[in-house]
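Below: one structure, written as structure tokens.
The values are calculated or read from the model by the stated rules, or taken from the named source; none is laboratory data. Treat the numbers as computed from the prediction; the structure is a model and nothing was measured. Protein only, heavy atoms only, side chains kept; ligands, DNA and RNA dropped before computing areas. Shrake-Rupley method; radii C 1.70, N 1.55, O 1.52, S 1.80 Å.
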Amino acid sequence: QMELAESGGGLVQPGGSLRLSCTASGSFADSNSINIMGWYRQAPGKEREEVARITSHGSKFYGGSLRGRVDISRENSKNTVDLILNNLQAEDTAVYYCYALVIAGTKDEYWGQGTQVTVSS
């Protein structure tokens, strides 16, 4: 089993930046066994959408809504994945969820509880 704990959300003014962090803990071999770590977000009344993901080898993918304003990084030695959000706008207000995907015969997904990001003046 794996647990994911997010941190770094909060209130930010339009144009501001935030750094979200997620740490994996629990029973897994090591961070390299976590094939993918990433972030989704869900705004009120909207479907959950992918923000970004990164593989254990460092390959990155960015979703459309935040592309150009977001950077994802991962530190395998610490089992962490960070998300830097820049030039935030009101429409970026959402709950941001960390997730991890382990592929070892089966595909197992793990999700964090989410961290609220509110963009408002």
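Heavy atoms of the protein chains alone define the surface here; on that basis segment 1-59 has 54 Å² accessible area per residue at 1.4 Å probe size. For segment 67-116, the alpha carbon positions stretch 41, 21, 18 Å along the principal axes, listed from largest to smallest. For segment 1-100, the fraction of 1.4 Å probe accessible surface lying on carbon and sulfur atoms is 45 percent.
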